[in-house]
Every structure is written in C-alpha cells, then in structure tokens.
Amino acid sequence: MRICHIASEISPIAKVGGLADVTLGLSREVQNLGHHVTVILPKYACLKHEGLEHLTPYKTETKVYFDQKWHPLEITKATVHGVPVILIESASSRKYFNQSQIYGYPDDPVRFAFLSCAALAFLKEEMEDINVIHMHDWQTALIAPLFHEFYQRHLKARLIFTIHNLGYQGLASFSLLTKVGLDKKKYGSANALKDPKRDDRINLMKGAIIFSDAVTTVSPQYALEIQEPFHAKGLEKVIRQNTDKIFGILNGIDYKIWNPEHDEALASKYTPHCLEKKAADKKYLREILKLPLLEKSPLVTCICRLVPQKGLRMIKKAISSTLKLGGQFVLFGSSPIEKIQKDFERLDHELDPNPNVRFIFDSYNERLAHQIYAGADIIICPSIFEPCGLTQLIALQYGTVPLVRKTGGLANTVFDIEEDKEYPNKTNGFTFIPPTSKAIHETLKRAFSIYRERPELWKEIIQRGMTMDFSWGESAKHYLELYHFNPKKMAE
Ligand code: ADP
C-alpha cells in the first residue's frame, strides 16, 4: 500500500507534543510491515536539522491556486529516521512557514490551509497512485472537504482522519473557504463546516469528521468520551452522527527511541532485571539538577506542556504534597500561554529556598527528557482530559511509576495496584478519578507509603510496567485494517 500522512509535526525535526511522536512512530511501523509511507509537512524555517537527512530539492512544475493567486511550490525531499518526508513551502514571495515557531500566529488557519491545498496539488501531480491519505488534527482537516470537492475524480485514495485532541478544533472565518476555493454556501452550511457554537466561524475538524472515510481517536476510551459535550466541546452532535466510522486506536511508543536498555542519553542503562542501575540514573539526575541525595525520598516528575488540559491546579497540589511528604519534585515543560507561564515562574520563585524542587521551563529538550524519565520514581499525569497521553507510556517503559487521573488513554493504560485488583496482571501504577487537590494528595500518599514500606511490591509494580507492550505493533495493524477499509468489520 502507498500511504501518505499529512501532518504539522514529526519527531524530532518539528515537535510540539505527542502528535510528532505518533507521525514518526506509526510511519516507521507501517513501513516496517512492508508498505510505502511518505509524510508531507511544512518546510518550517524553525525545523530542527538534527535528525533530518538526505535533503534534496525536488523539481516540480506543481502550482497551487490559493488566496486568489497561483503559487509555485518549493518542495524538498528528505528522510527522518528512514521515513521519506516531503517538505512544502510556497515558492512565491508570500511565505507561510518562515516564523520562529510552529504554531501560535493569528493566521495559523491560513498557513495550514495553504499546506492542505499544496499537499493535495502535489499528490495529484506526483503521487497519483496513493492509496491512503492520513490527516492529523485540525491543521490538515481541510484536506477532507477539498478532496471531496476537487480531487476524488483524480485520486482514488481513502481518507483517514485522526483526532489527537478535540481541544483544538481549528476555528476560522468564512473567508477561509473562499481562499481555498470552496463554495461558502455549500461548505459553510450547518451540515458542513459551520461551527455549532459560533455562527461566524467554520470548524475545520468538523469538516474532516464529515468528509473522511474513517476517523480515529488516539485511544478507545477517548472515542467513547467524545460523544459527551464535556469532551466534544461542541462537536458531540456530529460525532454521534458519525459513530459508525469512528474508531479508538491506542497510540504506541517507538521502542527504538524509548528503551532504557539502549538509551545513549542515560548515565546507566538498565532492564527490569537490574533496577539498581536505574538507581544510578536517579543519582545522576539529582546531581545534574543539584537535588540533595536523600534516603527513601521518591523523585516525582511531571513532563508536559503547561496548559489547562493537564490539570494545572492538581500539578501545583502535587508539588506541595510531594514536598510535605518528604519527596522531591521535578517539573519539566513550559506554557504557550503567557499568564500560565508567569504563574509557574512565580511559584518557582516562591519555592526557591526549597532544595527539593526544580522547575525546568524548557519546552523541548529531548535528552533531558530521557534522563528525567529514567531518573524519576513517579510521574504524575493529572489531566482533566487526555486523548491518549504518551508520557505515562514512556514512563512505564523506564520503570517510572505513573500516577494518573483515570481519563481517556490514561484509563486504557494505567491500572491501580489497589483499585484494579481484578486485573492483577495489569496493575502498574496509581489512579484517581475526581479532578481535585484532595484526590491527588491522597493518591500520592498511597504511592509514597508503598514506595517506603513495601519495596518488594514497588519493584513488582515497576517490573510489570516495564514488561508491558505499548509498542506500535498492535496499533499499526489496526490502522492497516482501516486503510484497507472495512469499518463494519472493525466495529465487530
Ligand atoms: P501532548 O501531545 O498533549 O503534549 P502527550 O503526552 O501526548 O501530550 O505527548 C507529550 C510528548 O512531548 C512526549 O513525547 C513528552 O516526552 C514530550 N515532552 C513534553 N514536555 C517536554 C519537554 N519539556 N522536553 C522534551 N519533551 C517533552
């Protein structure tokens, strides 16, 4: 099969969050199963060049009509960890991807609409034998209605749309339809892209749900949750109308990248059978972060974008509870929202005299991320909602015990050592349900007590987590079934 992902992120060259890991991990796995996979993404000026290989300009006559004029395309071919990528930018004087960051600009919907139009024009001219076009999140959602209107006579591909996060739906003004050549009346109507809540906006994700052949979410639990208004955030009706073609497929992680046995970033490599070597990583992490070497003091971490979805109040509570209970805390990540960033900087300042806490406001430092996953004892994910969550999966692989709120993919992957006794072979962490400070405090207390008083049980939890398989293998097979199209069979 010939599969083309069109996405706004791929690890490690363009990463903001989990989407980047998924684009790379899924592509590599499907490629290993013998299929042709290509990834189309913007040629951002801020691409990280480490990991980007075989860069070659690609000669093409392809032009795209966008925003009232023809744009010749600047295409570059390259590979990322062996996956062929096509990088796209306009060759006209109007550039769409020359900013210093991937997202965060008022014209983001226009920038990614350009990507969507350009990618389809490129496929039609250069890859017309493509079997599957796989789109990811709102940034490439417009491809579905564009394909429906202009390309289905030329390309025989099936359209798959993956929802990584319904918290970001891609709202834009109606003028975007004109820019991409779609009829405002037809595609701006209530049964097409018109946003269900705001009369003056179109909703790009809604369009992809309607016009794709199949839609996936990144965990089975999230596929159920998004039928409810709290999680669907206005799209519950269109989701319920399309449940027959919506499937939850759990994300995997790439064990070539996330594997403590072979991880070059670690001070000491380890397996489930030599956990004393993980202790050496904890010691190393404490040294580099200048945390005191305390006995029986669990090292708790939170590795995430600081956005409301991640449960900011509970994160703060976890910091104070950890310190009160005699643990140490490492917060790793930053916020794209200035007010939240300032708030955490203030907290950092207030906590400054305490030697047992470190805030590292670095939004992307892959090497340090590996070292923290290895050196920590516990990772917290108190998300309000979490479509899949990768940090708990990576942590499990590194023998770092997840402590999570039971929602979305967290509920599909973390099972409480005491609460989920009916699945003894799966219990691998700690969970709680109410999104409250009290609940996370009590759960941390439980975890600390097992860590300190029942080391054998703690070791068992770690070892069970480390031997669980969250690789891409199973998930890739589900995607391939979907690529071959038989939604009814998938639903059985
Ligand atoms: P989301 O996509 O909502 O940000 P996920 O849990 O799905 O959350 O994915 C987060 C990804 O980003 C993981 O690979 C995690 O290791 C990575 N990550 C988060 N914060 C940082 C950071 N400060 N430095 C490096 N990687 C980070």
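Looking across the stretch 378-397, the residues that are part of a helix (DSSP H, G or I) and either touching a Leu at 6+ places or on another chain (Cβ under 7 Å) or open to solvent by 10 Å² or more (accessible area, probe 1.4 Å) (or both) come down to THR391, GLN392, GLN397. Answer with yes or no whether ASN354 is open to solvent by 10 Å² or more (accessible area, probe 1.4 Å), over 20 Å from LEU410 (Cα atoms) and away from the ligand (no atom under 16 Å from the Cβ). Yes. Every condition in (1) under 24 Å from the mean Cα position of the chain (by Cα); (2) under 22 Å from LEU325 (Cβ atoms); (3) acidic (Asp, Glu); (4) at pLDDT below 95 is met by GLU418 except one, and the failing one is (1).
Against the conditions (1) surrounded by fewer than 18 Cβ atoms within 10 Å (Cβ to Cβ); (2) within 20 Å of CYS117 (Cα to Cα), LEU224 satisfies every one except (2).
In the stretch 357-377, of all residues being part of a loop (DSSP other than H, G, I, E, B) and within 8 Å of the ligand (Cβ to nearest atom), the one that is farthest from the chain's Cα centre (by Cα) corresponds to ASP362. Considering each residue of the stretch 185-192 in turn, none proves to be in a loop (DSSP other than H, G, I, E, B), of a type in the set (S, T, N, Q) and within 16 Å of the ligand (Cβ to nearest atom). The lone criterion from (1) touching a residue at least 24 places away in the same chain (Cβ under 8 Å); (2) of a type in the set (A, V, I, L, M); (3) surrounded by fewer than 20 Cβ atoms within 10 Å (Cβ to Cβ) left unmet by ALA280 is number (1).
Among the candidates TYR284, TYR270, TYR255, single out the residue that is within 16 Å of the ligand (Cβ to nearest atom), hydroxyl-bearing (Ser, Thr, Tyr) and in contact with a helix residue (DSSP H, G or I) (Cβ under 8 Å, 6 or more places away or on another chain). If you could, list the steps in order and put the result at the bottom.
Working: TYR284 fails: within 16 Å of the ligand (Cβ to nearest atom); TYR270 fails: within 16 Å of the ligand (Cβ to nearest atom).
Of TYR284, TYR270, TYR255, the one residue that is within 16 Å of the ligand (Cβ to nearest atom), hydroxyl-bearing (Ser, Thr, Tyr) and in contact with a helix residue (DSSP H, G or I) (Cβ under 8 Å, 6 or more places away or on another chain) is TYR255.
Identify the residue in the stretch 289-303 that is within 16 Å of the ligand (Cβ to nearest atom) and either modelled with pLDDT under 95 or open to solvent by less than 10 Å² (accessible area, probe 1.4 Å) (or both) and, among all such residues, is farthest from ILE384 (Cα to Cα).
Going through the qualifying residues, I end up with VAL300.
Hand me the list of helices (runs of 4 or more DSSP H) wholly inside the stretch 209-324 holding 1 or more residues that are under 30 Å from LYS342 (Cα atoms).
229-232, 276-288, 312-324
Against the numbered list (1) within 16 Å of the ligand (Cβ to nearest atom); (2) of a type in the set (D, E, K, R); (3) in contact with a strand residue (DSSP E or B) (Cβ under 7 Å, 6 or more places away or on another chain), LYS233 comes up short only at (3). Looking at LYS245, LYS269, just one residue is free of Cβ contacts under 8 Å to residues at least 60 places away in the same chain and surrounded by 15 or more Cβ atoms within 10 Å (Cβ to Cβ), and that residue is LYS269. Could you pull out the residue among TYR96, TYR151 that is among the aromatic types (Phe, Trp, Tyr) and within 28 Å of the chain's Cα centre (by Cα)? Step by step, each of TYR96, TYR151 is checked, and only TYR96 is among the aromatic types (Phe, Trp, Tyr) and within 28 Å of the chain's Cα centre (by Cα). Taking the stretch 128-169 as the range and being more than 16 Å from the ligand (Cβ to nearest atom), surrounded by 17 or more Cβ atoms within 10 Å (Cβ to Cβ) and part of a loop (DSSP other than H, G, I, E, B) as the test, the residues that pass are ILE130, ASN131, ALA141, LEU142, LEU155, ALA157. On inspection, GLU236 fails the criterion of being under 25 Å from the mean Cα position of the chain (by Cα), free of Cβ contacts under 8 Å to residues at least 40 places away in the same chain, more than 30 Å from HIS349 (Cα to Cα) and open to solvent by 60 Å² or more (accessible area, probe 1.4 Å). Going by the structure shown, is ILE257 modelled with pLDDT under 95 and within 27 Å of SER383 (Cβ to Cβ)? The answer is yes for ILE257. The single condition among (1) within 11 Å of the ligand (Cβ to nearest atom); (2) at pLDDT 95 or above that ILE340 does not satisfy is (1). Residues of the stretch 398-418 that are outside any loop (DSSP other than H, G, I, E, B), surrounded by fewer than 24 Cβ atoms within 10 Å (Cβ to Cβ) and in contact (Cβ under 8 Å) with a residue 40 or more places away in the chain: ALA411, ASN412.
Among helices (runs of 4 or more DSSP H) lying entirely in the stretch 432-491, which contain 3 or more residues that are over 23 Å from PRO382 (Cα atoms) and open to solvent by 20 Å² or more (accessible area, probe 1.4 Å)? The helices (runs of 4 or more DSSP H) meeting that bar are 455-467, 472-483, 487-491. Kindly indicate whether any position in the stretch 171-184 is closer than 13 Å to GLY234 by Cβ, modelled with pLDDT of 95 or more, in a loop (DSSP other than H, G, I, E, B) and not β-branched (Val, Ile, Thr). Looking through the stretch 171-184, none of the residues is closer than 13 Å to GLY234 by Cβ, modelled with pLDDT of 95 or more, in a loop (DSSP other than H, G, I, E, B) and not β-branched (Val, Ile, Thr).
One line per residue, one yes/no per condition, for (1) away from the ligand (no atom under 16 Å from the Cβ); (2) outside any helix (DSSP H, G or I); (3) among the β-branched types (Val, Ile, Thr):
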residue	(1), (2), (3)
VAL22	no, no, yes
LEU26	no, no, no
GLY34	yes, yes, no
VAL39	yes, yes, yes
GLU50	no, yes, no
GLU53	yes, yes, no
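Selection of the stretch 40-80 for residues being in contact with a Pro (Cβ under 8 Å, 6 or more places away or on another chain), open to solvent by 80 Å² or more (accessible area, probe 1.4 Å) and under 21 Å from ILE3 (Cα atoms) yields only LYS77.
The values are calculated or read from the model by the stated rules, or taken from the named source; none is laboratory data. Just so it is clear, the structure is predicted and the values come from calculations on it, not from any experiment. For neighbour counting, all protein chains shown are included, and Cβ atoms are generated from backbone atoms with ideal geometry for every residue, glycine included. Just the protein is used for accessible areas: all its heavy atoms, side chains included, with ligands, DNA and RNA removed. Shrake-Rupley method; radii C 1.70, N 1.55, O 1.52, S 1.80 Å.
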